[in-house]
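First the structure, in the form of structure tokens, and then the observations on it.
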Amino acid sequence: MTHRADDPWSAAAERMVADQIVARGIDDPAVLEAMRTIRRHLFVPEGERARAYEDGPLSIGRGQTISQPYIVALMTELARLAPTSRVLEVGTGSGYQTAVLAACAREVFSVELVPELSARAGSTLAALGVDNVHLRTGDGSLGWSEEAPFDAILVTAAAADVPPALPDQLRVGARLVIPLGTTSQDLYVITREPGGFRRQSVIPVRFVPLR
Ligand code: SAH
């Protein structure tokens with residue numbers, strides 16, 4: 001998944017990382033490297049490509065969005081991944097967040113409700129040679145119990161409450177990163193500790209609803 005430094009999108013990606021991500025305090029080297037090298041324009045519809053490195057979410061069809069680059073970087077950093085981590089993502093969408101996770105972890109399991117989006121994400125990831133991602137179509141709020149426990153779980157759509165199946169699929173010490181709320185939402189990190197769960201709120205966010 002490396003790209004030649006002289007490819008025409010390289011300057012846009014470098015600028016995105018410097019102005020939107022480093023400037024807002026993200027400093028995990030693996031996350032920054034992934035955000036520099038993964039070409040975000042390949043995950044958005046043709047008509048949106050010119051805007052792919054801008055500081056906001058973009059439409060990916062079916063009423064769904066690819067998250068703002070900063071939010072993708074923040075959620076990945078909050079997950080505290082290691083090269084050995086196995087991660088669950090709920091809401092594959094375009095597959096862009098999936099690709100960032102795959103660059104920072106050993107294996108990514110990602111569930112998407114809309115078959116068409118999952119299929120498109122699968123072909124984008126395959127074209128980029130990403131081979132440590134497993135995609136599945138279905139209700140991700142149930143998690144992926146056969147592959148649990150995970151070292152991190154990311155949910156990229158907002159729920160009113162934590163889907164009860166997800167915290168149980170964290171190993172002890174692992175973190176669930178999830179936007180919670182309806183009219184207003186906040187991003188939360190829920191850590192599984194030996195004696196229970198700790199919940200911290202991070203920043204206000206705006207995601208499409210978990211269905
Ligand atoms: N991570 C994505 C963000 C996509 S938006 C990206 O980088 O592009 C959230 C996605 O969650 C949408 O694709 C939506 O279809 C999906 N989704 C919503 N509810 C879901 C559920 N219960 N299970 C799995 N996916 C869901």
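The values are calculated or read from the model by the stated rules, or taken from the named source; none is laboratory data. Computed from a prediction, not measured in an experiment: that's the story for all the values here. Note that we place each Cβ from the backbone using ideal geometry, even for glycine, and neighbour counts take in every protein chain shown. Surface accessibility is based on the protein's heavy atoms, side chains included, excluding ligands, DNA and RNA. Shrake-Rupley method; radii C 1.70, N 1.55, O 1.52, S 1.80 Å.
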- prompt: Looking at the range 143-167, which of its residues are farther than 11 Å from Val111 by Cβ, away from the ligand (no atom under 12 Å from the Cβ) and touching a residue at least 24 places away in the same chain (Cβ under 8 Å)?
  reply: Ser145, Ala148, Pro149, Phe150, Asp151, Ala152, Val162, Pro167
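Among the residues that make up the range 126-137, is at least one of them over 16 Å from the mean Cα position of the chain (by Cα), within 9 Å of the ligand (Cβ to nearest atom) and over 28 Å from Ser184 (Cβ atoms)?
The answer is yes, given that some residue of the range 126-137 is over 16 Å from the mean Cα position of the chain (by Cα), within 9 Å of the ligand (Cβ to nearest atom) and over 28 Å from Ser184 (Cβ atoms).
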- request: Name the single residue, out of those in the range 180-201 being of a type in the set (A, V, I, L, M, F, W, C) and more than 14 Å from Ala158 (Cα to Cα), that is surrounded by the most Cβ atoms within 10 Å (Cβ to Cβ).
  value: Ile190
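If you go through the range 54-70 one residue at a time, how many are out of contact with any Pro (no Cβ under 8 Å at 6 or more places or on another chain), of a type outside the set (Lys, Arg) and within 11 Å of the ligand (Cβ to nearest atom)?
The total comes to 5.
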Top-ranked residue of the range 125-149 - restricted to ones that are closer than 26 Å to Pro209 by Cβ and of a type in the set (A, V, I, L, M), ranked as most open to solvent (accessible area, probe 1.4 Å): Leu142
query: Which residue, of Gly122, Gly93, is near the ligand (Cβ under 10 Å from one of its atoms) and either open to solvent by less than 40 Å² (accessible area, probe 1.4 Å) or touching a Pro at 6+ places or on another chain (Cβ under 6 Å) (or both)?
result: Gly93
